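Okay, structure first, notes after.
Quick note: the coordinates plus some simple rules give every number you see, no bench work behind them. None of the values given here were measured: they were computed from a predicted structure. Here the Cβ positions follow ideal geometry from the backbone for every residue, glycine too, while neighbour counts run over all protein chains shown.
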Amino acid sequence: MTDAWNKLVKRMEELTDLYGIASLVEWDQAVLMPPKGGASRARASATLGGIMHGRLTDPAIGELLGELETDDSLDDVQTRSVELFRREYDRETKVPADLVRELTETTNIAYQVWTEARPASDFAVFEPHLKKVVELKKQQADAIGYEGERYDALLDLYEPGMTSVEVEAMFEELVDGLRPIVDAVLDARNPEPEFLSRSYEVDKQQRFSQWLTRHIGFDGDAGRLDTSPHPFTIMVGQGDIRQTTRYSESDLPSSIYATLHETGHALYDQGFPEQWQDLPVGGYASLGMHESQSRMWENQVGRSRDFSAFMLPELKKLFETELGSVTPDEFFEGVNYPERSMIRVEADELTYNLHIVMRFELELALFRDELDVADLPEVWNDKMEQHLGIRPEDDAEGVLQDMHWAGGMQGYFPTYSLGTIYSAALFDKAKNDLGGFDDEFRKGETSQLLEWLRTNIHSKGHMLDAKDLATKVLGEQPTAQPLLDYLKGKYSDIYSITL
Ligand code: CO
């Protein structure tokens with residue numbers, strides 16, 4: 001073991017600790033912090049962020065990396081760790097401090113303005129701020145650098161190694177296949193099952209979620225499940241994974257599927273190798289790969305005919321009056337009920353990806369200088385009509401609905417659909433490797449799937465970028481076809497139609 005490596009490990013341990021503290025602070029802000037704590041917390045978070053940035057960009061780290069890059073005694077894990085640390089170090093040091101500060105300030109203000117502009121449906125007041133954010137994101141992309149095109153630099157922050165052109169091709173295949181399926185399914189669907197509009201006591205939903213997450217493998221001694229308005233999962237440290245879900249009395253599936261989704265994220269985090277806990281290889285391969293885990297437990301498992309049939313009697317123990325007369329068929333149909341909706345976060349499994357693809361197309365056009373921020377609302381509405389067949393009445397249910405652009409998260413949206421594409425492809429592979437899950441899922445037995453994911457995905461950490469990891473596991477490049485086949489299979493089953 002070289003001296004430089006040991007020194008670098010010390011730095012990595014320190015950074016892991018700082019990230020863990022920052023995560024805990026973020027979790028606390030969303031789950032426990034009293035409303036009046038906002039101002040002091042914002043300053044504390046900024047102070048902590050500054051310290052982390054300073055530690056990460058310390059020139060001493062650049063020197064250690066340089067030394068280790070010419071050291072041929074390193075093993076695979078060390079070599080990959082140096083490579084990943086170099087990426088992060090370069091990215092952080094290439095962007096001038098002034099630009100970093102301006103981006104933080106601008107997105108903070110843009111976010112504030114957005115929280116007021118959205119309910120008022122007032123794009124005009126938000127427009128100059130978004131314009132500035134986009135301008136600064138262009139500067140950031142240029143500072144980081146890219147091989148293909150500008151948007152690649154932003155995409156790379158969330159989906160390392162993936163290019164705009166690759167995503168574009170995959171999404172084109174997805175949309176071309178998806179639109180006819182959506183049209184046929186929405187034509188054939190029955191009225192909404194009645195149990196969806198009943199009221200369900202939140203206390204009982206909480207008990208169900210706490211049971212469900214543990215039932216499918218979440219280690220309650222190595223994490224928690226709490227409540228927040230926007231569900232999320234965050235890693236405080238090895239053995240401490242925090243997930244949140246949300247409960248609505250008028251929407252039973254919402255909490256069940258938010259919990260399954262976040263548990264998917266949490267199981268990935270709980271599956272990283274312990275011996276890599278302070279190394280860059282010991283984390284997730286990409287946000288798309290992270291999302292593939294959440295989508296798989298939410299959809300391929302949770303919304304399957306067999307697993308939903310397993311959950312129903314368990315739910316009936318808590319909601320005897322509300323669900324007493326509901327059959328497994330009705331329940332399966334209800335938790336998969338599709339509709340054309342304006343709001344992405346309320347979209348069902350069938351139409352969700354159309355919401356994502358149009359956001360990606362808009363981002364790409366902005367960063368290719370083919371679209372002005374001023375024209376976004378109109379083009380947004382056109383795209384909604386083109387992809388989903390509906391047109392927003394106002395900008396609140398149109399271009400103003402997401403916080404991502406105000407927050408400077410351009411490049412993030414595609415990871416949602418990449419995750420969905422990966423989830424279907426990986427699930428197919430697992431099913432083939434293990435000879436199917438139907439009987440197991442009907443009994444609520446999911447440990448074989450988890451074991452397969454631990455072996456093939458979780459234990460690999462970030463040794464490979466997501467696309468390469470998926471390609472290695474699948475034996476071929478991932479495409480949208482398995483997702484399309486899966487959706488066809490599910491909806492032809494529910495509505496007895498040919499797709
Ligand atoms: Co997610």
Taking the number of other C-beta atoms within 10 Å as the exposure measure, put Trp27, Trp211, Trp452 in order starting with the fewest.
Trp211, Trp452, Trp27
Between the alpha carbon centres of region 237-304 and region 344-395 the gap in Å comes to 27 Å
How long is the gain from Asp90 to His230 if the chain were fully straight, where each residue apart is worth 0.36 nm and the alpha carbon distance is subtracted?
47.2 nm
Percent of all alpha-carbon pairs of region 166-231 at distances over 18 Å, whole number, is 68 percent
Around Glu361, with a cut-off of 9 angstrom between Cβ atoms, what is the net charge of the other residues, counting Lys and Arg +1 and Asp and Glu -1?
0
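Given 20 °C and 1.002 mPa s, how large is the Stokes-Einstein diffusion coefficient of region 273-415 in µm²/s, with Rh as the Kirkwood radius over Cα pairs?
On the way: Rh = 18.2 Å.
Roughly 118 µm²/s, to the nearest whole number.
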If I model a spin label at Glu370 and Lys317 as a point 7 Å from the Cα along the Cα→Cβ vector, what separation in nanometres do I get?
5.5 nm
For region 374-499, compute Rg over Rh where Rg is the Cα radius of gyration and Rh is the Kirkwood radius from the inverse mean 1/r over Cα pairs.
1.07
Return a whole-number percent for the relative contact order of the chain, with Cα pairs under 8 Å and 6 or more residues apart as the contact set.
20 percent
Give the lysines reachable from Lys316 as a straight Cα distance under 26 Å; neighbours fewer than 8 places away on the same chain don't count.
Lys204, Lys443, Lys490
Nearby lysines by direct alpha-carbon distance to Lys132 (threshold 30 angstrom, same-chain neighbours under 8 apart not counted):
Lys36, Lys94, Lys383
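Count neighbours as other Cβ atoms within 10 Å of each site's Cβ, and list the trypsin sites (Lys or Arg not before Pro) in region 348-407 that are DSSP loop with at most 14 such neighbours.
When the trypsin sites (Lys or Arg not before Pro) of region 348-407 are filtered for loop state and at most 14 Cβ neighbours within 10 Å, Arg368 remain.
Treat region 3-145 as a sphere of radius equal to its Kirkwood radius over Cα pairs and apply Stokes-Einstein at 37 °C in a medium of 0.692 mPa s; give the translational diffusion coefficient in µm²/s, rounded to a whole number.
On the way: Rh = 17.8 Å.
Result for D is 184 µm²/s.
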Give the lysines whose C-alpha is closer than 19 Å to that of Lys472, dropping any in the same chain fewer than 8 places away, or say none.
Lys429, Lys431, Lys460
Value of D in µm² per second that Stokes-Einstein yields for the chain, Kirkwood Rh from Cα pairs, at 4 °C (1.567 mPa s):
54 µm²/s
Taking the Cα-to-Cβ direction at Glu102 and at Ala188 and moving 7 Å from each Cα, how far apart do the two end points lie in nm?
5.5 nm
Radius of gyration and Dmax over the Cα atoms of region 54-108, both given in Å:
14.1, 45
